[in-house]
Ligand code: SF4
Ligand code: SF4
């Protein structure tokens, strides 16, 4: 288990570093716990032999204003927080290696090129680190305070005290339970045919997520999606249409991914989710009058 350093447990120190660097939340999961849910071939030990713990950090992907924009382009293409999300695990991995002496690796959503079947599920890592719980909306991990977060992680051989699963799930929100009791639907289900499920009392039951429907709307900006479509694009006979599909009408800079402008990223289920809405609204409320301070 983690040692105590000058009065601060190493687990606390790790979380402090993450929060000081811009993470909204940070938590620790044990590899033993993760292996209860992750199948062989998708476990931390498959990436780093001897892995004992995984530190997961979460950062809000969007500003509060982004959730309120009337522009679908702004909404669907905002990625401003991703740099912070991906940079923090590197700082933590260096800390674990240089100050603690344990080999560690950074893991983020684009770390391995395995398409839809990721090497490690960041959802599982976040859940076992106590950062939120699975939601009706495609199993997105909802955090009670921040709603939707983007996650990244550090896999380490250091044994740390884990945070573990939340005792009370974040989804369904009380207003969703009321809506279910009246109309047999919830805001996310009402917004999207990729989501189906039932609520029993105050708990989710029989949740179905049609990944093939969601993936074509929500996961369309990844390089993997572009590569998957490339063979179809090459077969397009009209040269102008082929060029449009291959390059994208909105590609402005060399670093823009090919296809930018053709594909957006749906996130409607979170735009209507009361947990997520409450998160950005309470942030704005807490800042009311701050401009005059
Ligand atoms: S991201 Fe879009 S397509 Fe996917 S479940 Fe949510 S609303 Fe449906
Ligand atoms: S709208 Fe949000 S809180 Fe309500 S059921 Fe859907 S994901 Fe859960």
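The values are calculated or read from the model by the stated rules, or taken from the named source; none is laboratory data. Just so we're clear, the structure is a prediction, and the values are computed from it rather than from any experiment. Note: ideal-geometry Cβ built from the backbone for every residue, glycine included; neighbour counts use all protein chains shown.
At-a-glance table
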quantity: Tally of residues being within 16 Å of ligand 1 (Cβ to nearest atom) and either at pLDDT below 80 or surrounded by fewer than 17 Cβ atoms within 10 Å (Cβ to Cβ) (or both) across segment 220-270; calculated: 8
quantity: Residue 217 assigned to a helix (DSSP H, G or I), more than 16 Å from ligand 1 (Cβ to nearest atom) and modelled with pLDDT under 95; calculated: no
quantity: Odd one out for residue 137 among (1) touching a strand residue (DSSP E or B) at 6+ places or on another chain (Cβ under 7 Å); (2) more than 20 Å from residue 17 (Cα to Cα); (3) surrounded by fewer than 21 Cβ atoms within 10 Å (Cβ to Cβ); calculated: (3)
quantity: Hits in segment 171-196 - residues which are surrounded by fewer than 21 Cβ atoms within 10 Å (Cβ to Cβ) and closer than 22 Å to residue 210 by Cβ; calculated: 179, 180, 183, 184, 185, 190, 191, 193, 196
